[in-house]
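Note sheet for the following structure.
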Amino acid sequence: MTKSELIAMYASTRGRRKKDAEEDVNFIFDAIRDALANGDKVVLTGFGTFDVRDRSEKRCLNPRTGEPIQLPAGKAPAFKAGRGLKEAVNPKKN
């Protein structure tokens with residue numbers, strides 16, 4: 001599903017205009033991005049947790065030339081799925 005498909009589905013199921021639905025979806029994405037940029041954790045109960053993790057410096061190979069390069073340390077966004085999302089993706093069989 002793409003962002004535009006998500007917006008269209010939200011608009012049709014909630015009876016909203018696409019422009020209003022796009023603003024709502026963008027607001028949520030912007031709020032998550034801003035919280036992560038400030039070093040905060042975003043917990044959506046039943047869905048999952050967005051967090052920022054430290055990434056250490058590492059040696060890699062340039063895929064084009066094959067020569068070794070050093071990637072600097074930094075931060076990376078991360079997502080950990082919650083129980084509700086895991087169960088929806090992999091339902092228990094009775």
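The values are calculated or read from the model by the stated rules, or taken from the named source; none is laboratory data. Remember, predicted model here, so these are calculated numbers, not experimental data. Ideal geometry is used to build each Cβ from the backbone, glycine not excepted, and the neighbour counts take in all protein chains shown. Areas reflect the complete protein model, heavy atoms only, side chains present, ligands, DNA and RNA absent. Shrake-Rupley method; radii C 1.70, N 1.55, O 1.52, S 1.80 Å.
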Checklist outcome for this item: Of (1) without any contact (Cβ under 8 Å) to a residue 24 or more places away in the chain; (2) under 19 Å from Pro77 (Cα atoms); (3) open to solvent by 70 Å² or more (accessible area, probe 1.4 Å), Ala35 fails just (3)
Checklist outcome for this item: Sole miss for Pro91 among (1) more than 25 Å from Tyr10 (Cβ to Cβ); (2) open to solvent by less than 90 Å² (accessible area, probe 1.4 Å); (3) at pLDDT below 95 is condition (1)
Checklist entry - What number of residues within segment 54-77 are β-branched (Val, Ile, Thr) and open to solvent by less than 70 Å² (accessible area, probe 1.4 Å)? => result 1
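Can you tell me which residue in segment 3-25 is nearest to Lys80 (Cα to Cα), limited to those that are among the polar types (S, T, N, Q) and in contact with a helix residue (DSSP H, G or I) (Cβ under 9 Å, 6 or more places away or on another chain)?
First pass over segment 3-25, keeping only residues among the polar types (S, T, N, Q): 4, 12-13.
Checking the rest, the ones that are also in contact with a helix residue (DSSP H, G or I) (Cβ under 9 Å, 6 or more places away or on another chain) come to 4, 12.
Working: Ser4: 24, Ser12: 29 Å.
Step by step, filter segment 3-25, then rank; the result is Ser4.
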Item to check | Tally, over segment 78-87, of residues that are open to solvent by 90 Å² or more (accessible area, probe 1.4 Å) and in contact with a strand residue (DSSP E or B) (Cβ under 6 Å, 6 or more places away or on another chain) | outcome: 1
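For segment 2-32, which residues satisfy the criterion of being of a type in the set (Lys, Arg) and farther than 23 Å from Ala78 by Cα? If you could, list the steps in order and put the result at the bottom.
From segment 2-32, those of a type in the set (Lys, Arg) are 3, 14, 16-19; that's our starting set.
Across segment 2-32, the qualifying residues are Arg14, Arg16, Arg17, Lys18, Lys19.
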Checklist entry - Do any residues in segment 7-32 that are within 17 Å of Leu44 (Cα to Cα) have Cβ atoms under 6 Å from those of residues that are outside any helix (DSSP H, G or I), where the two are at least six apart or on different chains, and which pairs are they? => result Ile32/Val42; Ile32/Phe50
Checklist entry - Restricting the search to segment 1-32, which residues are open to solvent by 90 Å² or more (accessible area, probe 1.4 Å) and among the charged types (D, E, K, R)? => result Lys3, Glu5, Arg14, Arg16, Arg17, Lys18, Lys19, Glu23
Checklist entry - When the residues of segment 38-53 are filtered to those that are open to solvent by 80 Å² or more (accessible area, probe 1.4 Å) and in contact with a strand residue (DSSP E or B) (Cβ under 6 Å, 6 or more places away or on another chain), which remaining residue is farthest from Ser4 (Cα to Cα)? => result Arg53
